[in-house]
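Quick notes on the structure that follows.
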Amino acid sequence: QVQLVESGGGLVQPGGSLRLSCTLSARIIGIYAMGWYRQAPGKQRELVARITSGGNINYVDSVKGRFTISRDNAKNTVYLQMNSLKPEDTGNYCCNLDVSKTEYWGQGTQVTVSS
């Protein structure tokens, strides 16, 4: 069982930045994908950014040019750098690991963008 622990959320003003971290309890070997999802009140959960073991990266259109997903294999950690934050970026951000058709989720971290 792999555990995912997120951190880095908080309250930030529009235009500000945050960096989210997702640390895995174990090193993943083989083919996998890790993603950041978010869910705002009253809305469906959406995939924000995704990175595969092969280095392929995808973003939802609304964050392209503002968010950057990256990973540090030595630290078993995936990051989401969020710049130029907007109120519509507000939500609970969860980290997801998809390996061998099994998914693991973190508990989530709240991001609130408000003046």
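The values are calculated or read from the model by the stated rules, or taken from the named source; none is laboratory data. Since this is a predicted model, take the numbers as computed values, not measurements. When we count neighbours, we look across all protein chains shown, and the Cβ atoms used for this are built from the backbone with ideal geometry, even at glycine. With ligands, DNA and RNA removed, areas are computed over all heavy atoms of the protein, side chains included. Shrake-Rupley method; radii C 1.70, N 1.55, O 1.52, S 1.80 Å.
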Q: Could you please find all residues in segment 58-83 being among the charged types (D, E, K, R) and either at pLDDT below 95 or surrounded by 15 or more Cβ atoms within 10 Å (Cβ to Cβ) (or both)?
A: ARG66, ARG71, ASP72, LYS75
Q. Could you say whether any residue in segment 8-15 is open to solvent by less than 60 Å² (accessible area, probe 1.4 Å), under 20 Å from LYS101 (Cα atoms) and modelled with pLDDT of 95 or more?
A. no
Q: Select from segment 84-93 the residues that are surrounded by 21 or more Cβ atoms within 10 Å (Cβ to Cβ) and under 14 Å from the mean Cα position of the chain (by Cα) and write down the one among them that is farthest from GLY15 (Cα to Cα).
A: TYR93
Q | Where a residue in segment 72-88 is farther than 14 Å from ALA49 by Cβ and its partner, wherever it lies, is surrounded by fewer than 12 Cβ atoms within 10 Å (Cβ to Cβ) and of a type in the set (D, E, K, R), with Cβ under 9 Å and at least six apart | A | ASN73/ARG27; ASN76/ARG27
Q.
Within segment 3-12, does at least one residue satisfy the condition of being farther than 18 Å from THR109 by Cβ and outside any helix (DSSP H, G or I)?
A. no
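How many residues does segment 34-51 hold that are surrounded by fewer than 20 Cβ atoms within 10 Å (Cβ to Cβ) and in contact with a Gly (Cβ under 9 Å, 6 or more places away or on another chain)? Working first, answer last.
Initial filter on segment 34-51 (surrounded by fewer than 20 Cβ atoms within 10 Å (Cβ to Cβ)): 39-47, 50.
In the following step, the residues that additionally are in contact with a Gly (Cβ under 9 Å, 6 or more places away or on another chain) were identified as 39-41, 43, 45-47, 50.
Within segment 34-51, residues that are surrounded by fewer than 20 Cβ atoms within 10 Å (Cβ to Cβ) and in contact with a Gly (Cβ under 9 Å, 6 or more places away or on another chain) number 8.
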(Q) Give me the residue from segment 20-33 that is touching a residue at least 24 places away in the same chain (Cβ under 8 Å) and among the hydrophobic types (A, V, I, L, M, F, W, C) and, out of that set, most open to solvent (accessible area, probe 1.4 Å). (A) ILE31
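Listed here are the residues, each with its yes/no results for (1) within 16 Å of the chain's Cα centre (by Cα); (2) more than 19 Å from ARG66 (Cα to Cα); (3) hydroxyl-bearing (Ser, Thr, Tyr).
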site: GLN1; (1), (2), (3): no, yes, no
site: LEU20; (1), (2), (3): yes, no, no
site: GLY30; (1), (2), (3): no, yes, no
site: ARG45; (1), (2), (3): yes, yes, no
Q: Considering only segment 93-114, state which residues are farther than 21 Å from SER25 by Cβ and either in a strand (DSSP E or B) or modelled with pLDDT under 95 (or both).
A: GLN110, VAL111, THR112, VAL113
